[in-house]
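Heads up, the thing below is written out as structure tokens.
The values are calculated or read from the model by the stated rules, or taken from the named source; none is laboratory data. Note that the coordinates shown come from a computational prediction; the quantities given were computed from them, not determined experimentally. Here the Cβ positions follow ideal geometry from the backbone for every residue, glycine too, while neighbour counts run over all protein chains shown. For accessibility, only protein heavy atoms count, side chains too; no ligands or nucleic acids. Shrake-Rupley method; radii C 1.70, N 1.55, O 1.52, S 1.80 Å.
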Amino acid sequence: MNKDFFNKNGIEVAKGILGKYLIRKCNNETIVTKIVETESYMGKNDKASHVYNDKKSNRTAPLYLEGGHIYVYLIYGMYNCLNISANKENIPECVLIRAVEPIKEIDEISFNRYKKYYKDLNSYQKKNITNGPGKLCMALNIGRDLNSKSILGEELFISDFYYEGNKKIYSSNDFEIIHSKRVNIDYAKEAKDYLWRFYIKDNKFVSVK
């Protein structure tokens, strides 16, 4: 991925990163996951957005950076959520990554989530390991220390491929994208009905079918 990719509008970016790899390097491990669900938040006129009516603050400052910057915020006073800024500088659109599919270093993912090896998880835990924005941040050890950093960096990045030994494994776009309403934004009046949530059809790690 390159900077130009993230300079597109939030809807294009949200759909464009589906099937790509979200890779986290931390504690001498390289965790690889596949992005399977996203939501677009379209800036100043989107009543579901943190910057609706141009609410610029220290918290929302990363959204005003050019596309490709990380915005991590806290929900319920407990869980981090990972967003990527989209579009040009001062056009504060973004993409919430809602769910990912574990690909590589699954035991590391499992320990981050449950303090257990993956083989010791029950079926419910396996299903729910990364199928939500707070869950995936726990699983990938994503905190607010990453806030405002580039998604093109080395700690956390989105890629068309990952390495299996010396072999590059490339992402595929051989899937159908489902468009649906965004989740948990009933306060957003007419914006709650916009079909700005996108997910890979039939992927078992999607948070809400």
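Just so you know, the averaged projected area of the alpha carbon convex hull for region 91-139 sits at 3.7 nm². The Rg/Rh ratio for region 148-208, using Cα coordinates for both the radius of gyration and the Kirkwood hydrodynamic radius, is 1.10. Convex hull volume per residue, computed on the Cα atoms of the chain, equals 120 Å³. Computed per residue of the chain from DSSP H runs no shorter than four, each worth -39500 (n - 2.57), the mean residue ellipticity at 222 nm is -3500 deg cm²/dmol.
Most tightly packed first, judged by the mean number of other beta-carbon atoms within 10 Å of their residues, the peptides 112-125, 40-53 read 40-53, 112-125.
When the Gaussian network model of the chain links Cα atoms closer than 10 Å, the mean-square fluctuations of A86, A139, A14 top out at A139. Mean-square fluctuations from a GNM of the chain, with a 10 angstrom spring cutoff on Cα atoms, peak among I70, I84, I178 at I178. With the chain treated as a Gaussian network of Cα nodes joined by springs under 10 Å, which of E176, E89, E101 yields the largest mean-square fluctuation? Maximum fluctuation in the GNM of the chain, among the listed residues, is at E176. Quick one: accessible area per residue over region 48-116, 1.4 Å probe, rounded to a whole number of Å²? Result: 44 Å² per residue. Accessible area per residue for region 143-183, computed on protein heavy atoms with a 1.4 Å probe, is 66 Å².
A protection proxy built from the mean count of other Cβ atoms within 10 Å ranks the segments 185-197, 27-39, 140-152, most packed first, as 27-39, 140-152, 185-197. Taking only protein heavy atoms and a 1.4 Å probe, the accessible area of the chain is 46% carbon and sulfur. Straight distance only, please: which aspartates and glutamates reach the Cα of K189 with their own Cα at less than 15 Å, same-chain residues fewer than 8 apart left out? Cα-Cα hits under 15 Å: D46.
Between the alpha-carbon centres of region 189-209 and region 35-75 there is a gap of 18 Å.
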